[in-house]
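The values are calculated or read from the model by the stated rules, or taken from the named source; none is laboratory data. Just so it is clear, the structure is predicted and the values come from calculations on it, not from any experiment. With ideal geometry, Cβ positions are generated from the backbone for all residues, glycine too; neighbour counts draw on all protein chains shown. These area figures cover heavy atoms from the full protein model, side chains too; ligands, DNA and RNA do not enter into them. Shrake-Rupley method; radii C 1.70, N 1.55, O 1.52, S 1.80 Å.
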Amino acid sequence: GLSGYALNSSYQSRDDVRYKDELGNSIVNFSRLVPDGLLVFFPSYVVLDKCIEHWKGNGTGGTGSTWDRIIRFKAPVIEPRDSSMFTQAIEDYKSKLEVPGGTGAVFFAVCRGKVSEGLDFSDRAGRGVIIT
């Protein structure tokens, strides 16, 4: 990551606060640099939930939390566990990409989940992909 800490999402390191901080800071930077749509895939819903929970509560100094810094650059959408809410999440992502003057959206999802299987994130919808 940015500070030199290894971005290793293995079972042994994924609960490490330094890993979550480093991953979050990297996503902030990708959110700032990548235009339009950014996709971020996690190994499981548990890891996805733990990272987002950590990022929402780790504000330091005057910079705000990692989550605050991510949403400064991209409107977030989180893949729902409930498949009945999936279509709504995709529509939400697409609508956030179409906001006039907007800076795009970030879709937090799970490898082998609904988002990663068979959907086409072409053009503006998938300008960057991060797999943790």
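ARG69 falls short on exactly one of the conditions (1) of a type in the set (Lys, Arg); (2) crowded, with 16+ Cβ neighbours inside 10 Å; (3) part of a loop (DSSP other than H, G, I, E, B), and that condition is (3).
For the condition more than 12 Å from VAL115 (Cα to Cα), small (Gly, Ala, Ser) and surrounded by 14 or more Cβ atoms within 10 Å (Cβ to Cβ), what is the one hit in GLY102, GLY59?
Values: GLY102 fails: surrounded by 14 or more Cβ atoms within 10 Å (Cβ to Cβ).
Exactly one of GLY102, GLY59 is more than 12 Å from VAL115 (Cα to Cα), small (Gly, Ala, Ser) and surrounded by 14 or more Cβ atoms within 10 Å (Cβ to Cβ), namely GLY59.
For segment 87-99, a residue qualifies if it is of a type outside the set (Lys, Arg) and open to solvent by 30 Å² or more (accessible area, probe 1.4 Å), and the qualifying residues are THR87, GLN88, GLU91, ASP92, SER95, GLU98, VAL99.
Filtering segment 22-48 to residues that are in a helix (DSSP H, G or I), open to solvent by 20 Å² or more (accessible area, probe 1.4 Å) and within 18 Å of LYS74 (Cα to Cα) leaves ASN25, ASN29, PHE30, ARG32, LEU33. Scanning segment 1-21 for residues that are β-branched (Val, Ile, Thr) and either closer than 17 Å to VAL77 by Cβ or surrounded by 17 or more Cβ atoms within 10 Å (Cβ to Cβ) (or both) turns up nothing.
Selection of segment 1-21 for residues being over 23 Å from GLY104 (Cα atoms), outside any loop (DSSP other than H, G, I, E, B) and not basic (Lys, Arg) yields VAL17, TYR19.
Hey, any hits in segment 84-98 for a residue that's touching a residue at least 60 places away in the same chain (Cβ under 8 Å) and of a type in the set (Gly, Ala, Ser)? Lay out the reasoning, then the answer.
Pass one, segment 84-98, residues touching a residue at least 60 places away in the same chain (Cβ under 8 Å): 97.
From what is left, the residues that are of a type in the set (Gly, Ala, Ser) are none.
No.
Screening the candidates GLY128, GLY102 for the property of being within 15 Å of PHE30 (Cα to Cα) and touching a strand residue (DSSP E or B) at 6+ places or on another chain (Cβ under 8 Å) yields one hit, GLY128. Just one of (1) open to solvent by less than 80 Å² (accessible area, probe 1.4 Å); (2) among the basic types (Lys, Arg); (3) at positive phi trips up LYS74, so point out which. So the condition that LYS74 fails would be (3).
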